[in-house]
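Scroll down for the structure; my scribbles are underneath it.
The values are calculated or read from the model by the stated rules, or taken from the named source; none is laboratory data. For clarity, every value in this text was computed on a predicted model and none was experimentally measured. Cβ coordinates were reconstructed from backbone atoms using ideal geometry, including for glycine residues, and neighbour counts include every protein chain displayed.
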Amino acid sequence: MRVTAIYPGTFDPMTVGHIDVARRASKMFDDVIVAVAASTSKSPFFSLEERVEMATGILSDLDNVTVQSFGGLLVEYAKEAGSKVIVRGLRAISDFEYEVQIAGVNRHMAPDIETVFIAAAQEYTFLSSSIVREIARLHGDVSEFVHPIVIESFTRRHDRALHEGNV
Ligand code: COA
């Protein structure tokens, strides 16, 4: 039986830390769906379409990884996708409490679905999407933290803002 895992997140934008987790998950499971959350309480900077498009391009070399969007409850989406595994990356002990809480809620709602934690790359434990957005907003260099596709998206956004006189 093929095992499909879901790697969910806001991915606003996807960072090298996320890529590392997706890559490692792709080696552990037959299929991996990177599930981009549609609306979160986070009011994402990039639109859902942009986040899905970026992640699709970034992960295009991984044959068993697909990128989809989802709304509503993650466990309902996992059931629809026929997946019994949710993958989450753990960067530091500070992630642990929140992640265990969410895993507990999800297990309560869907006892058949297991959450699997992958230890994120040690060298990027400080990294988060909001840190990348903040550096990019202040015109800092984020090339070490994100794929060139994300840099193109930031540049497009900046050019559009310039054009509209918002910078
Ligand atoms: N490398 C770098 N950064 C990482 C990382 C890694 N390996 N793992 C997590 N992060 C960062 C993210 O970039 C994000 O940073 P930000 O807050 O600065 O934007 C932060 O850690 C946490 O984000 P992430 O792990 O991506 O989670 P998320 O908040 O983006 O996604 C959902 C959470 C979408 C999975 C969750 O809210 C969800 O399942 N929503 C659906 C509704 C639901 O079912 N809720 C559960 C029941 S209450």
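Taken together, the residues in segment 100-122 that are without any contact (Cβ under 8 Å) to a residue 40 or more places away in the chain and more than 8 Å from the ligand (Cβ to nearest atom) amount to 15. Pairs are defined by a Cβ separation below 8 Å, a sequence spacing of at least 6 or placement on different chains, a first member in segment 1-30 that is more than 17 Å from F70 (Cβ to Cβ) and touching a residue at least 60 places away in the same chain (Cβ under 8 Å), and a second member that is part of a helix (DSSP H, G or I) and of a type in the set (S, T, Y); the pairs so defined are P13/S129; P13/S153; T15/Y124; T15/S129; V16/Y124; G17/Y124; D20/Y124.
A search for C-beta distances below 7 Å between a residue of segment 123-140 that is within 19 Å of G9 (Cβ to Cβ) and any residue that is part of a helix (DSSP H, G or I), counting only pairs 6+ apart in sequence or on different chains, returns Y124/V16; Y124/G17; L127/G17; A136/F154. In segment 108-120 there is at least one residue matching the filter, namely being in a helix (DSSP H, G or I) and modelled with pLDDT of 90 or more.
One residue stands out in segment 24-62 among those that are charged (D, E, K, R) and surrounded by fewer than 16 Cβ atoms within 10 Å (Cβ to Cβ): the one that is modelled with the lowest pLDDT, namely K42. Here the condition is being out of contact with any strand residue (DSSP E or B) (no Cβ under 9 Å at 6 or more places or on another chain) and closer than 17 Å to I149 by Cβ; of E123, E50, it holds for E50 alone. Of the helices (runs of 4 or more DSSP H) lying entirely inside segment 3-87, those containing at least 3 residues that are over 24 Å from V100 (Cβ atoms) and more than 12 Å from the ligand (Cβ to nearest atom) span 48-58.
For A103, the conditions (1) outside any helix (DSSP H, G or I); (2) farther than 20 Å from T15 by Cα all hold with the exception of (1).
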